[in-house]
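Some notes on the structure that comes next.
Coordinate-derived values only; no laboratory data. Computed from a prediction, not measured in an experiment: that's the story for all the values here. Cβ: placed from backbone, ideal geometry, glycine included. Neighbour counts: every protein chain shown.
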Amino acid sequence: MTEHPPYPTANSTADFRRNLATVQDRMAAAANRVGRSPGAVRLLPVSKTVDSSRLRHAIAAGCTELGENKVQEALRKSVELADIPGLRWHVIGHLQSNKAKFVAQFAHEFQALDRLSLARTLNNRLEAADRTLDVMVQINTSGEDSKFGLPPQEADAFIRELPAFERLRVRGLMTLAANSPEQDRVRACFESLHSLRGRLRENAPSGVELSELSMGMSGDFELAIEEGATVVRVGQAIFGPRALPDSYYWPEGEENS
Ligand SMILES: *Cc1c(COP(=O)(O)O)cnc(C)c1O
């Protein structure tokens, strides 16, 4: 993972068709290498920083679900694109509890559940809005302080509490791998999420479905698929390089309650 292929920027529907086809071909090849069915892995395009007019081209090229890590940016785009039927929004980044009300308003899925206080706030907000929300529990598999998510050893106790929140549908686990040029370290994160899921499933409370493993991004989605990902979250390989560094999207020391 030292070198990424260049990420070609997509501005037209034809550009998006090309980039999506390239990513889907690479996904299928990765699945085939380990004897998995390519149909078992979903592509979630991550559209953070991309404005709604470009998103219309991505949607015309076939994107029906979009992942965003900043909730207000996502909410704004969901309003701008409200004329498009069936578009589904996934909030994939760390969420401050005071922004749970926005997620409850428009999101279909939230991938970064990492504390009970947030589960409670989301559940209350969803009840008020009479909506439900698919959620994934974020696990910190790399041990890096800069990553959000529960330590793996806390996941079991955490998941046992979730059936109390009736508006949340627990779909699976999500992780961000180590930010490392060493392929083995990255792969170890994916492997550990997969094996954690296996252990959790053995005594998961009823109603808690752990069918999904959301792992892998532009730089590492093939490794993630080889290690069992059911959803890969891919931004730059579809939309093109982002101008801002990743530290902008994963701020350290952000208020966590
Ligand atoms: C931005 C982001 C991604 C996608 O990263 P790319 O390098 O653009 O593929 C995946 N997951 C999360 C949580 C993100 O914030």
Which lysines, if any, have their Cα less than 23 Å from the Cα of K101, not counting same-chain residues under 8 positions apart?
K48, K70, K77
Any idea how far apart L116 and V34 come out in nm if each label point goes 7 Å out from Cα toward Cβ?
3.3
Which residue fluctuates the most in the chain, going by a Gaussian network model with Cα springs under 10 Å, if the choices are L168, L81, L223?
L81
222 nm mean residue ellipticity, helices alone, for the chain (DSSP H n ≥ 4; -39,500 (n - 2.57); rounded to 500):
-11500 deg cm²/dmol
Shape call, region 1-153: gyration tensor on alpha carbons, a/c limit 1.5
oblate
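Which value, in Å³ per residue, describes the convex hull spanned by the Cα atoms of the chain? Please list the in-between numbers first.
Values: hull volume 31.3 nm³, N = 257.
Convex hull volume per residue, Cα atoms: 122 Å³.
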Compare G62, G86, G149 in a GNM of the chain, Cα atoms joined below 10 Å, and give the one with the largest fluctuation.
G86
Sort C189, C63 so the one with the fewest other Cβ atoms within 10 Å of its own Cβ comes first.
C63, C189
When the chain is treated as a GNM, springs tying every alpha-carbon pair under 10 Å, which of E109, E209, E182 comes out with the largest mean-square fluctuation?
E182
Going toward the positive end of the dipole of region 115-179, with +1 on Lys and Arg Cβ and -1 on Asp and Glu Cβ, which of T121, L150, T132 do you reach last?
T132
